[in-house]
Amino acid sequence: MEERRLYVRTDLHERISLTVIGTYDQAPRKPLEVEITDISTDGIGFNCSEDIGLNTFLTGVVELWNNYSMQIIIKVIRTRQLEDGFNYGCIFVGMDPADGLKIKISQLLQEAQEGQ
């Protein structure tokens, strides 16, 4: 299968809490516990047991491999049902360019550690 992504995704397995800040129905929701599966300079993928819905905006804090942490705002653009929940693809919204560099540096450090 041909890779269609513009940005390299790197595995990142971290449990974080995301808060919904905007949905199509604007119903208030409790924070969601999610398992991040991968990250790129453009967005993240994560698994969650709840059906979030496309075009939902969420916010949270991600800690990268080298102890960098960054506040994120993401928009759900893809969803896929799994046996035990859902897998989501999200893009970053209004990301500071410095945070994009943190991700690139983290990816390089992880690749260097894996190459040893």
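The values are calculated or read from the model by the stated rules, or taken from the named source; none is laboratory data. All values reported here derive from a predicted model rather than from experimental measurement. A quick note on method: Cβ atoms are made from the backbone with ideal geometry, for glycine too, and the neighbour counts reach across all protein chains shown.
One residue stands out in region 8-40 among those that are under 13 Å from Cys90 (Cβ atoms) and not in a strand (DSSP E or B): the one that is modelled with the lowest pLDDT, namely Arg9. When you check Thr59 against the structure, is it surrounded by fewer than 19 Cβ atoms within 10 Å (Cβ to Cβ), free of Cβ contacts under 8 Å to residues at least 60 places away in the same chain and either more than 16 Å from Val20 (Cα to Cα) or in contact with a Gly (Cβ under 6 Å, 6 or more places away or on another chain) (or both), yes or no? No, not satisfied.
Checking each residue of region 62-76 against the condition of being at pLDDT 85 or above, loosely packed, with under 15 Cβ neighbours inside 10 Å and farther than 27 Å from Glu111 by Cβ gives no match.
With respect to Gly100, determine if the residue is among the small types (Gly, Ala, Ser) and under 18 Å from Thr19 (Cα atoms). For Gly100, the condition - among the small types (Gly, Ala, Ser) and under 18 Å from Thr19 (Cα atoms) - is not met. Cβ-Cβ contacts under 6 Å between residues 6 or more apart (or on different chains), taken from a first residue in region 69-89 that is under 19 Å from Asn55 (Cβ atoms) to a second residue that is part of a strand (DSSP E or B) and of a type in the set (A, V, I, L, M), are listed as Ile72/Val62; Ile74/Leu58; Lys75/Ile91; Ile77/Ile91; Tyr88/Val76; Gly89/Ile77.
Take Leu101 and tell me if it is within 17 Å of His13 (Cβ to Cβ), without any contact (Cβ under 8 Å) to a residue 40 or more places away in the chain and surrounded by fewer than 16 Cβ atoms within 10 Å (Cβ to Cβ). When the stated conditions are applied, Leu101 does not pass them.
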